[in-house]
1. Residues to consider are B:Met110, B:Met93; find the one that is within 12 Å of chain A (Cβ to nearest Cβ), open to solvent by 10 Å² or more (accessible area, probe 1.4 Å), within 17 Å of B:Lys13 (Cβ to Cβ) and over 10 Å from the mean Cα position of the chain (by Cα).
2. Out of A:Leu320, A:Leu297, A:Leu343, A:Leu328, report the one residue that is surrounded by fewer than 21 Cβ atoms within 10 Å (Cβ to Cβ) and either more than 18 Å from the chain's Cα centre (by Cα) or in a helix (DSSP H, G or I) (or both).
3. Of the residues A:Ala132, A:Ala113, A:Ala91, A:Ala59, only one is over 30 Å from A:Pro370 (Cβ atoms), among the hydrophobic types (A, V, I, L, M, F, W, C), in contact with a helix residue (DSSP H, G or I) (Cβ under 6 Å, 6 or more places away or on another chain) and in a helix (DSSP H, G or I); which?
4. Identify the residue in the stretch B:54-90 that is of a type in the set (D, E, K, R) and at the interface with chain A (Cβ under 9 Å from one of its Cβ atoms) and, among all such residues, is surrounded by the most Cβ atoms within 10 Å (Cβ to Cβ).
5. Could you list all residues from the stretch B:63-91 that are part of a strand (DSSP E or B) and touching a Gly at 6+ places or on another chain (Cβ under 9 Å)?
6. Testing A:Val127 on (1) within 14 Å of chain B (Cβ to nearest Cβ); (2) crowded, with 23+ Cβ neighbours inside 10 Å; (3) in contact (Cβ under 8 Å) with a residue 40 or more places away in the chain, one condition comes back false. Which one is that?
7. Which residues, counting only those in the stretch A:364-395, are over 17 Å from A:Ala51 (Cα atoms), touching a residue at least 24 places away in the same chain (Cβ under 8 Å), part of a helix (DSSP H, G or I) and open to solvent by 30 Å² or more (accessible area, probe 1.4 Å)?
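The values are calculated or read from the model by the stated rules, or taken from the named source; none is laboratory data. As the structure is a prediction and not an experimental result, all values here were calculated from the model. Every residue, glycine as well, gets a Cβ built from its backbone with ideal geometry; the counts of neighbours run over all protein chains shown. Note: accessible area is taken over every heavy atom of the protein model, side chains too, but ligands, DNA and RNA are not part of it. Shrake-Rupley method; radii C 1.70, N 1.55, O 1.52, S 1.80 Å.
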Amino acid sequence: MADQGLNKVLPLRTAVSTSAGLASAAVNFLAVVDVAMYMGGRSAWLAILVAGVLILLTASNFSELNGMFPSAASIRVWTRRGLNDQVSLVASLVYATTVVFVIAADGFVLGHAFQAALPAVPGILWVVLILAVTAYVNLRGIKIAAAVQDSNAFFLLGTLIVISLLVVFKQPTMALGPLFHFGPNWFQGIALGVFIFVGFEWVSPLAEEFYDARAIPRGMYIALGIIAVAFGLFALALTDILPNAGVLARSVIPQLIVGQKALGALGFWWMALITLTTAMTTFNGGLVTASRFVYALARERSLPASWARLNDRLVPSRTLLGLAFVALCLSVLVYLSGQYEVLINAGAGVESLMYALTSVLVFSLRRREPKRNRPFHAFWYPIVPGIVAVIFLGLALGALTTAVGTSQTPWALIFVGLLTAVATLYVAFGLPRKKRQGKLASSAKQLLERGR
Amino acid sequence: MALMTILQAFVEKCNQHERLRAMNREWSRTVVIWAEDTGSRYWLRSVAGELQAGQGPPEEEANMEIRADGETLEAVFSGRLTPTEPYNQGDLMVRGSQDDLFRLDVITLMIWGE
C-alpha cells in the first residue's frame, strides 16, 4: 500500500524541545538539593549522570513501543495491548496524576522564589494567582503556542548551563575526591535523580505528528543529554556554593542562590524570572495534558461522560476546572506544610514504576505481536529491558520508601498506595457498574427511537 | 452498509448541524481514511464549515490520515463507537495534528452525543 505524505509534519527540533520542555519543571531545582543531600554533597552531579544513563535505557523501551503504536494515548494503548484493559486503566490513571504532583511541587518552588524576591507579597498568593490565570486562559480556549512553551525549555537549560559554568569557574580549584564520593544513601540519591528527567517521555503522545518515526527516539536522546548536562552543572555549582549537606537541606531557593553567586542581583532576578516562566509552562502543559487525557477516558466511557463535556470554546471545562482545583488544593497543602519532598518522592516512584512497566510491555508485545512493524528496537533485547525492569523497580521502591525530614513514615509510599488502591477499586467495581448502566441507557434510547 | 454510504450519511448529518457548521467555519482540512483490510481509500474534506466525502485519493495533500479495518471505520462513522474507543485500543491509528484529531472527536460528540 502506497504511503501518503501529509502537508504538515513536525521536525526533529520540536521532538527535542518538547521532550526537554516537559521534563523541565521548577521543582527540579529542589530535586537537585535532595540528590545532593543523599549523595553527601559534591557528588550530586554523578547521581544525576547515572540516573540519566539509566533513563536513556528506558528511552529505548519507549522508542520501541512508540514506533509500534504511535498514539496520543501512548501508555493507555501500549498497556492495553501488552497486558489488559484493567491494568492499563489503573496505570494510566496513576501515571496521569503525576502531572498534578508536578504542578503542586512547582507551585511550592514558585511561591518560595517570589517570597524571597518580593517579601511583602505572601508567596502563596503567587501560586493561587498564576494557577488561576493559567486555568482561565485555558478555559477561554486561548492556546499558549507550543513554540513559546518549548522555547522556555531552551531558555531554562541554556541559562542553567551558563550560570552554573560562571559559578564553577569563579570558585578556586576544587579537590577531586568529594566529586566522586558516594555517600551512604547513594541509592536514594540516584532514585531521586530520576525525578529530574521525569516527563521526557511525554513527547511520545506527539508521535502522530511526526512523519519520521525516528524523530521521537532521537529527540528524547538529545533532550536527555541536554538535561543531564544542565542539571549536572547546576548540581556542581550549587554544591560548590553550599558544600555542607545540612545547610543545603534548608535551601528552598537554590536557583536564586546560584544566580546571585554568578551574576549578583541580575542573576538573582534572572533566575526568579525563569522560575516564573517555568512554573507557568508546567501549569499550562500539565493542565492541558491532564484535561485531554481525562476527556479521552470519559469519551471511551471509562470515566463519567460529563467529564467530556465541552464549553463554547471546545474546552473540557468541567475537567479542567476540577484538575486546577485539585492542583491548587495540593499546592496550598504542600506550601503550608513544606512537605514538597513527599511529592518529589512520589513522582520519582511512580515514574520509575512506569519505566519498569515499559520493559514488561516490550517483553509482552514481542510475544503477543511478533509480526507488528517496529521502526525502532529496544537496545539489546532481552538483556537491557530486563535490567531496566529490575533497576527501576528497585529505584521506585527506593524513592517511595525514602523518609522525609525527621519522620520515618514513608508518606510517598502511602500516598501512591492509596491512589493506586482507589484507581483499582474504581476499575474493579465502579467501572463495570457504570458500563452496565450505560448499556441499559443505550438500549432504552434505541427502543425509544424505534417507537417514534 | 458500505463505508462510502456511511461516510455520505455522516457528512449529511454534519452539514445539517448548524452549530457544527459554525464551529468548523475556520477549519479547512482534508482527511484521508484507509480501510486497511481492503486497501480502500476515502477522504473527508472540510471547507468553510461544509463537509464533503469521496472515494480514492484526494486531489490535494492531506492534513490527516486515519487507518483502521473497515468494520471499525464503519462503526465510528455511523456513531456505534466513539472514535476514542478503538483509538485507545490501538485499533484506529492516526497521523496528523492532535488538534485536528480532537476536532474530529468533537464533531462526533456533537452529532451523536455522549
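1. On the way: B:Met93 fails: within 17 Å of B:Lys13 (Cβ to Cβ).
On inspection, the qualifying residue turns out to be B:Met110.
2. None of the other options fit; the residue is A:Leu328.
3. Values: A:Ala132 fails: in contact with a helix residue (DSSP H, G or I) (Cβ under 6 Å, 6 or more places away or on another chain); A:Ala91 fails: over 30 Å from A:Pro370 (Cβ atoms); A:Ala59 fails: over 30 Å from A:Pro370 (Cβ atoms).
Selected residue: A:Ala113, the only one of A:Ala132, A:Ala113, A:Ala91, A:Ala59 that is over 30 Å from A:Pro370 (Cβ atoms), among the hydrophobic types (A, V, I, L, M, F, W, C), in contact with a helix residue (DSSP H, G or I) (Cβ under 6 Å, 6 or more places away or on another chain) and in a helix (DSSP H, G or I).
4. Narrowing the stretch B:54-90 to residues of a type in the set (D, E, K, R): B:59-61, B:65, B:67, B:69, B:71, B:74, B:80, B:85.
Still in the list and also at the interface with chain A (Cβ under 9 Å from one of its Cβ atoms): B:60-61, B:65, B:85.
Numbers: B:Glu60: 10, B:Glu61: 12, B:Glu65: 21, B:Glu85: 18.
Here the answer is B:Glu65.
5. Of the residues in the stretch B:63-91, the ones part of a strand (DSSP E or B) are B:64-68.
The answer is B:Met64, B:Glu65, B:Ile66.
6. Answer for A:Val127: the failing condition is (1).
7. A:Arg368 - this is the single residue of the stretch A:364-395 that is over 17 Å from A:Ala51 (Cα atoms), touching a residue at least 24 places away in the same chain (Cβ under 8 Å), part of a helix (DSSP H, G or I) and open to solvent by 30 Å² or more (accessible area, probe 1.4 Å).
Condition check ((1) more than 22 Å from the chain's Cα centre (by Cα); (2) over 23 Å from A:Leu157 (Cβ atoms); (3) within 14 Å of another protein chain (Cβ to nearest Cβ)) across all residues:
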residue	(1), (2), (3)
A:Phe180	yes, yes, no
A:Phe200	no, no, no
A:Ser204	no, no, yes
A:Phe210	no, no, yes
